[in-house]
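Enquirer: Sending over a structure as structure tokens; questions will come in a sec.
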């Protein structure tokens with residue numbers, strides 16, 4: 001099943017946390033911090049939202065930072081995804 005976001009919505013997938021620290025210590029799953037970096041999976045077409053023209057700046061494959069409590073989390077075919085508005089994206093990671 002595929003998801004197609006509407007208007008200014010963006011579907012993102014969380015990037016997995018590192019298994020090791022920079023010094024080489026292997027982390028248990030409980031010790032891993034949830035990263036705030038996501039990969040853009042799909043982008044809506046933009047258009048008029050609340051009377052304003054929205055041009056989509058992010059594109060599929062971008063790595064982005066979103067707010068911790070923004071968006072809606074969903075599980076689809078065993079994949080954990082999050083649907084956020086483009087305005088909830090704080091930065092693009094380059």
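Enquirer: Express in nm, to one decimal, how much length is gained between residue 60 and residue 48 on full extension, taking 0.36 nm for each residue of separation and deducting their alpha carbon distance. Walk me through the intermediate numbers first.
Expert: Numbers: separation 12, 0.36 × 12 = 4.32 nm, distance 2.06 nm.
Stretched fully, the residue 60-residue 48 segment lengthens by 2.3 nm.
Enquirer: Ranked from highest to lowest mean number of other Cβ atoms within 10 Å per residue, what is the order of the peptides 8-14, 80-86?
Expert: Working: 8-14: 21.3, 80-86: 18.1.
Result, highest mean first: 8-14, 80-86.
Enquirer: Still on this structure, please answer the following. Place the peptides 36-45, 54-63 in order of packing, highest mean first, counting for every residue the other Cβ atoms within 10 Å and averaging per peptide.
Expert: Details: 36-45: 17.2, 54-63: 13.2.
Those peptides, ordered most packed to least, come out 36-45, 54-63.
Enquirer: While we're looking at this one, here's another question. Just need log10 I(q)/I(0) for the range 30-91 at q = 0.23 Å⁻¹, Debye formula, equal scatterers on the alpha-carbon atoms, no solvent, rounded to two decimals.
Expert: -1.10
Throughout, read-outs are computed from the coordinates displayed, never taken from laboratory work. Since this is a predicted model, take the numbers as computed values, not measurements. Please note: Cβ atoms are built from the backbone with ideal geometry, for glycine as well, and neighbour counts cover all protein chains shown.
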